[in-house]
Amino acid sequence: MTEVRFTVNGTAQCVAVEPRLTLADMLREECGLTGTHLGCEHGVCGACTVLMDGLPVRACLVFGVQAEGADIRTVEGLAAADGTLNVLQHAFQAQHGLQCGFCTPGFLMLATWLLEQKEGVDEARLREVLASNLCRCTGYQNILAAVRVAAQEMGVWREG
Ligand code: FES
Ligand code: FES
């Protein structure tokens, strides 16, 4: 077992894991953060996307021990402490971007990263980035609409 010290959603964590354990499984099994979903476990679907030191990563392709000293953000960190949804989460709800919801955490974290980029987002960039994640319910139009509306409400939307 190897001890790993890192931060998740602003909270310091210290867990002992097998070196072969993925970051996704470490978050789910050792931290109880089951909002990070596993679909393909091969880096294809993006359901497991979390932010690691500010960048989106496929948590199924990262070993937990690689998170040593890292700052991790997961879907559990998006809402306020009292459960109030943030702008992006609310847009997913309002624009019907949720179907079964399995892919949603990965899309939310990918979109969180996109919306935090200082250059803003236009339609081409929106489609380019979101194309990396798969939705088995094929609700892509509503997911695109949700992120577009959130970008507009956050003042980072650029007409392309
Ligand atoms: S579960 Fe990680 S990319 Fe599909
Ligand atoms: S909402 Fe069901 S997989 Fe995307």
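The values are calculated or read from the model by the stated rules, or taken from the named source; none is laboratory data. Small disclaimer: the values here were computed from a predicted structure and weren't measured. No Cβ is skipped: glycine too gets one built from the backbone with ideal geometry, and neighbour counts run over all protein chains shown. Please note that ligands, DNA and RNA were not included when accessible areas were found on the heavy atoms of the full protein model with its side chains. Shrake-Rupley method; radii C 1.70, N 1.55, O 1.52, S 1.80 Å.
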Exercise for review: Exactly one condition in (1) surrounded by 19 or more Cβ atoms within 10 Å (Cβ to Cβ); (2) small (Gly, Ala, Ser); (3) within 16 Å of ligand 2 (Cβ to nearest atom) is not met by Gly64; state its number.
Suggested key: (3)
**Study point:** Single unsatisfied condition, Met26 versus (1) more than 14 Å from ligand 1 (Cβ to nearest atom); (2) surrounded by 15 or more Cβ atoms within 10 Å (Cβ to Cβ); (3) touching a residue at least 40 places away in the same chain (Cβ under 8 Å); (4) farther than 19 Å from Ala111 by Cβ
**Key:** (1)
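Condition check ((1) within 16 Å of ligand 1 (Cβ to nearest atom); (2) closer than 23 Å to Gly39 by Cβ) across all residues:
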{"site": "His96", "(1), (2)": "no, yes"}
{"site": "Gly101", "(1), (2)": "yes, yes"}
{"site": "Phe107", "(1), (2)": "yes, yes"}
{"site": "Val121", "(1), (2)": "no, no"}
{"site": "Asn133", "(1), (2)": "yes, yes"}
{"site": "Met154", "(1), (2)": "no, no"}
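Results for (1) within 30 Å of Val17 (Cβ to Cβ); (2) within 17 Å of the chain's Cα centre (by Cα); (3) free of Cβ contacts under 8 Å to residues at least 24 places away in the same chain, shown as yes or no for each residue.
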position	(1), (2), (3)
Asp82	no, no, yes
Ala94	no, no, no
Cys100	yes, yes, no
Phe107	yes, yes, no
Leu126	no, yes, no
Leu144	no, yes, yes
Gly155	no, no, yes
Revision key, fill the gap. For region 109-123, the count of residues that are acidic (Asp, Glu) and within 16 Å of ligand 2 (Cβ to nearest atom) equals 0
Revision key, fill the gap. Matching residues in region 67-86 (open to solvent by less than 70 Å² (accessible area, probe 1.4 Å) and assigned to a helix (DSSP H, G or I)) number 3
Check your understanding: Within region 32-46, can one find any residue that is closer than 25 Å to Gln117 by Cβ, away from ligand 2 (no atom under 16 Å from the Cβ), touching a Cys at 6+ places or on another chain (Cβ under 9 Å) and not acidic (Asp, Glu)?
Key -> yes
Exercise for review: Output the number of residues of region 124-156 satisfying the condition of being away from ligand 2 (no atom under 13 Å from the Cβ) and open to solvent by 50 Å² or more (accessible area, probe 1.4 Å).
Suggested key: 10
